[in-house]
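Down below is the structure, laid out as structure tokens.
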Amino acid sequence: MENHKIINHDEEKGLQRSDTTVTMPPELFEKLYLTPKVPHVGDYNRRFANPTPLGIVGFVISTFTFAMTLMGWAGAEGTTPVAGIFFFVGPVLLIFAMVFEWIMGNFFPMMAMGLYAVFWLSFGLLQLPTLQLGAPYATISDPTGQMSPEYNSVVGLYLIVWGFALFTFFVFTLKVNTVFAMIFACATSAVWVLSSAYFKLAAGNFEAAISLQKAGGALLFVVAALGWYMCVIIMAGEMRITLNLPLGDLSRFWPVTDVDLAEAATHRD
């Protein structure tokens, strides 16, 4: 006697359900997990919750706060009062998400979560006055406590390197969607603009430095807004809420990667 699987179609989400499995089309997978659907041994996305929006939430809250502080909203100045975003908001959620992206075999989101986690941690150290990391560079003749040109130049170089790292990731986001690509493009620009602000500080041009700082903050605000937009769409998809909001799928311009493992092995042989 033949076994017939009873299959129901969720037209709203494009999911196909059987008595044992749930299959997901590549377009939906890439929308929810921000990575092309590729064959893996074991389908962990059926066993574990999607960790992607968790990491995005930590990233967005930290970036929004940092951006508004850089722009000086409501007279804000300095990041010491919100140092927690550098250690206990962004990095904690991003690291948790990174680990589970790794478990689920989602390569690119794992890399992105890890990249932003270590950025917040490393840059946050620079914002803690109690560590006195700039003490060797302190100028005794400056009663305001302004860091020396050498210190600001080092931080500027550090941010330039981060810009190249983010730009590299931007190139690979072009295989995912437009919103994700715009996040990395704006983040790259913001980091390079902020590095210019530090170089202006080193040169003693404080007015230009402040203008560049606000410009970098504005770019980061756009990054956070795009991240929040993407997070809402992913969470709505997971909660089966219809939101006809576009992410600008770019995967259709690339070769199909949703290939069965056995079929892929056959082609390699």
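Once the Cα-Cα distance is subtracted from the 0.36 nm per residue extended length, the Phe88 to Phe206 segment shows a gain of 39.3 nm. Legend: calculated FRET efficiency, Phe253 to Ser122, from the Cβ-Cβ distance at R0 = 30 Å, rounded to 0.05, equals 0.30.
The numbers here are math on the coordinates, done by the rules we state, and not lab data. Model, not experiment: these values are computed from the prediction. No Cβ is skipped: glycine too gets one built from the backbone with ideal geometry, and neighbour counts run over all protein chains shown.
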